[in-house]
1. Dipole of region 53-105, Cα-centred, from +1 at each Lys and Arg C-beta and -1 at each Asp and Glu C-beta, to the nearest 20 debye?
2. Past 25 Å, Cα to Cα, is the threshold; run K47/K80; K87/K215; K80/K234; K158/K234; K80/K209; K47/K134 against it and keep the listed order.
3. To the nearest 10 degrees, how steeply does helix 3-14 sit against the main Cα axis of the chain, on a 0 to 90 scale?
4. Return one number: the angle in degrees, 0 to 90 and rounded to the nearest 10, between the long axis of the Cα atoms of helix 170-182 and the longest principal axis of the Cα atoms of the chain.
5. When only the heavy atoms of the protein chains count and the probe is 1.4 Å, how do R7, R223 rank by accessible area, highest first?
6. Scan around V149 for amide H atoms under 5 Å from its own, H built in the peptide plane at 1.01 Å from N, and keep only partners 5 or more places away or cross-chain.
7. Residue by residue through region 87-102, which ³J(HN,Hα) values in whole Hz follow from phi under the Karplus form 6.51 cos²θ - 1.76 cosθ + 1.60 (θ = phi - 60°), with glycine and proline marked x?
8. Using a 7 Å offset from the Cα along the Cα-to-Cβ direction at both R156 and E174, what is the distance between the two label points in nm, to one decimal?
Amino acid sequence: MDEKIARLNDWIRESQNIVFFGGAGVSTESGIPDFRSTGGLYNQQYKYPPEVIVSHTFYEERPEEFFEFYKSRMLYLDAKPNAAHLKLAGLERAGKLRAVITQNIDGLHQAAGCRNVLELHGSVLRNYCENCGKAFDVQYVKDAPGVPVCDACGGRVKPDVVLYEESLDYDVLEAAVNYIANADMLLIGGTSLVVYPAAGLVRYYNGHKLVLVNKSGTSVDDRADLVIHDAIGKVFSQITL
């Protein structure tokens, strides 16, 4: 077994309070594109830049074009959990993993069986009427012609996701800080750590088992106690419980 994988397994066996912090790279292996890689949304040609389309201003001013992009490029309802999601669920069942903190909005951690998931950027699975607050599932939004509207009052239905220019939920952010600050092992995977304020959470970790698993380098590599540059599913499939 690779020396780094062996060390990772040793640390997991020694730890009882692991926290996982992950990003888009966790879900790309389930067929969901990220934003920044070569094949990501930022490197595809659209009428407007993707970061503009998924902004609060664009949502308010051009809702029809927002939902056209959102439904075709951000909803992957057939995606299934991959090896990384499933291994994290196994670590939680084993009493090792205390929390999953994710920047993803696809709900795949819960689909894999994880129960304590903090969704920093919300979830496409939750949607609500901006007028009366009625909740709707993702299929309702997907099937709606154009801009989805409430079947009770006619108000616009908004996905419960954090758009550019919107603030993260304070309670979720505070809980994430507390979990990371008290972790005896922080496992970071599938994120380039460039999206703030989420990426700034790493600085709250005070332990000596900071593990970073990502295909490319990050700004935190020099701080990490263990760095593995590889696909997260491949690495996690070698974790033994």
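1. 620 debye
2. Over 25 Å apart, Cα to Cα: K47/K80; K158/K234; K80/K209; K47/K134.
3. With rounding to tens, the tilt is 90 degrees.
4. The answer is roughly 10 degrees.
5. R223, R7
6. Sorted by chain and number, the residues that satisfy this are V157.
7. Along region 87-102, the couplings run 5, 4, 4, x, 5, 5, 4, 6, x, 8, 8, 8, 7, 10, 10, 10 Hz.
8. 3.0 nm
The values are calculated or read from the model by the stated rules, or taken from the named source; none is laboratory data. Just so you know, these numbers come straight off a predicted model, no measurement behind them. Ideal geometry is used to build each Cβ from the backbone, glycine not excepted, and the neighbour counts take in all protein chains shown. The protein model used for the area step is the full one, side chains on, heavy atoms only, and it has no ligands, DNA or RNA in it. Shrake-Rupley method; radii C 1.70, N 1.55, O 1.52, S 1.80 Å.
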